[in-house]
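Quick notes on the structure that follows.
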Amino acid sequence: MSFNVSIQPSGRSFSANANETLLAAAIRQGIGLPYGCKDGACGSCKCKKLEGEVTHGAHQLKALSPEEEAIGFILSCCAVAHSDVVIESRQVTDESAFPVKKMPVRVASLNRLSPDVMALRLQLPASDVFKYHAGQYVEFLLAGGDRRAYSMANAPHTQTSAPGVELHIRHMPGGKFTDHVFGAMKEKEILRIEGPFGSFFLREESDKPMVLLASGTGFAPLKALIEHMQHKGITRPAVLYWGARRPADLYMNDWVLAKLAEMPNLRYVPVVSDALSEDGWTGRTGFVHKAVLEDQPDLSGYQVYACGAPIVVESARTEYSAVAGLPDEEFFADSFTTEADKAKAAA
């Protein structure tokens with residue numbers, strides 16, 4: 001049994017099988033619904049149900065509250081149809097959806113960028129073409145059915161010279177995957193990935209100035225966006241706010257400074273929250289999302305691209321709309337929800 005899912009205002013439709021989430025069905029059929037984590041944690045796939053019946057699987061209340069659900073909002077990543085359904089969702093575009101594929105990859109290099117951040121370079125099969133948008137992510141397929149998601153830190157055009165993807169992986173002590181990355185992993189090891197996933201990518205049709213907001217390794221997909229902007233000759237004004245606990249956590253600071261010399265439309269504001277006297281830090285301090293509001297109290301004419309810790313992304317989403325007038329539809333985000341975050345929320 002399957003049900004028809006119609007999307008407004010685009011008028012597009014797709015079919016969803018019984019016990020298949022709306023998002024899984026959309027991805028399977030190349031429909032570009034917005035989403036992030038795929039497991040009910042981030043809220044990026046939230047949309048309005050106009051008609052029909054769905055039931056939700058497990059999800060976090062911060063992603064969808066009972067009050068929101070009562071007035072018709074759903075999470076497409078964990079909503080299963082029980083009738084034909086009509087939903088209201090933005091960002092539904094044909095060109096936003098590249099084929100999702102599974103493939104073997106080889107570890108090409110491991111480069112420690114800071115004490116707890118590793119740049120992992122994966123070599124893709126030479127015979128395969130892997131298309132993705134700067135800002136999207138892949139998932140590692142681990143033993144036991146587990147998955148771990150990481151954003152590509154290099155723009156798609158870099159595939160021309162060397163088929164491969166760069167990932168920035170932060171060590172989470174006790175983590176099933178990151179302990180291996182920072183421990184026994186060696187070059188030439190074979191892994192399996194699936195992707196690309198995610199609706200976080202540059203909306204090139206806009207000419208609005210941009211705020212690029214990163215916390216920690218949330219810098220990775222924004223690095224890919226910056227490379228893509230340079231490659232495509234996109235000269236919209238953009239300012240990167242990168243937040244970290246200590247100066248050393250700005251693990252590619254020199255790379256950003258080099259890009260500033262090449263891209264006159266790009267500005268950079270690093271923000272450190274927990275600097276110590278021995279760090280000798282003389283730059284901005286505090287919460288990175290607050291620094292944006294201090295510099296730009298009116299965001300009504302901007303687009304914001306935010307990546308990193310869920311608390312940073314959600315605080316920015318809420319405050320930029322309520323305080324600075326940012327239109328909801330101009331906030332694009334990828335919230336890096338860890339397995340520890342999910343376990344804590346479930347408890």
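Please state which of the following conditions residue 107 fails to meet, knowing it meets all the rest: (1) at pLDDT below 95; (2) under 25 Å from the mean Cα position of the chain (by Cα); (3) not acidic (Asp, Glu). Of (1) at pLDDT below 95; (2) under 25 Å from the mean Cα position of the chain (by Cα); (3) not acidic (Asp, Glu), only one is false for residue 107: (1).
I need the full set of residues from segment 142-164 which are in contact with a strand residue (DSSP E or B) (Cβ under 6 Å, 6 or more places away or on another chain) and either modelled with pLDDT under 95 or exposed (fewer than 14 other Cβ atoms within 10 Å of the Cβ) (or both), in order please.
Kept after step one, since they are in contact with a strand residue (DSSP E or B) (Cβ under 6 Å, 6 or more places away or on another chain), are these residues of segment 142-164: 147-154, 164.
Hits for segment 142-164 are 147, 148, 149, 164.
Within the option set 212, 167, 202, being in a loop (DSSP other than H, G, I, E, B) and surrounded by 18 or more Cβ atoms within 10 Å (Cβ to Cβ) holds for one residue only, 202. Given the conditions (1) crowded, with 18+ Cβ neighbours inside 10 Å; (2) closer than 30 Å to residue 232 by Cβ; (3) modelled with pLDDT under 95, and given that residue 63 satisfies all but one, which numbered condition is not satisfied? Residue 63 satisfies every listed condition except (2).
The selection criterion, being in contact (Cβ under 8 Å) with a residue 12 or more places away in the chain, small (Gly, Ala, Ser) and more than 20 Å from residue 313 (Cβ to Cβ), does not hold for residue 41. Can you find, within segment 170-183, the residue that is farthest from the chain's Cα centre (by Cα) among those that are at pLDDT 95 or above and part of a loop (DSSP other than H, G, I, E, B)? Result: 183.
For segment 93-101, the count of residues that are in contact with a Leu (Cβ under 8 Å, 6 or more places away or on another chain) and surrounded by 13 or more Cβ atoms within 10 Å (Cβ to Cβ) is zero.
The values are calculated or read from the model by the stated rules, or taken from the named source; none is laboratory data. Predicted model, so just to flag it, every value in this text is computed and none were measured. Cβ sites come from the backbone with ideal geometry, for glycine too, and all protein chains shown count toward neighbours.
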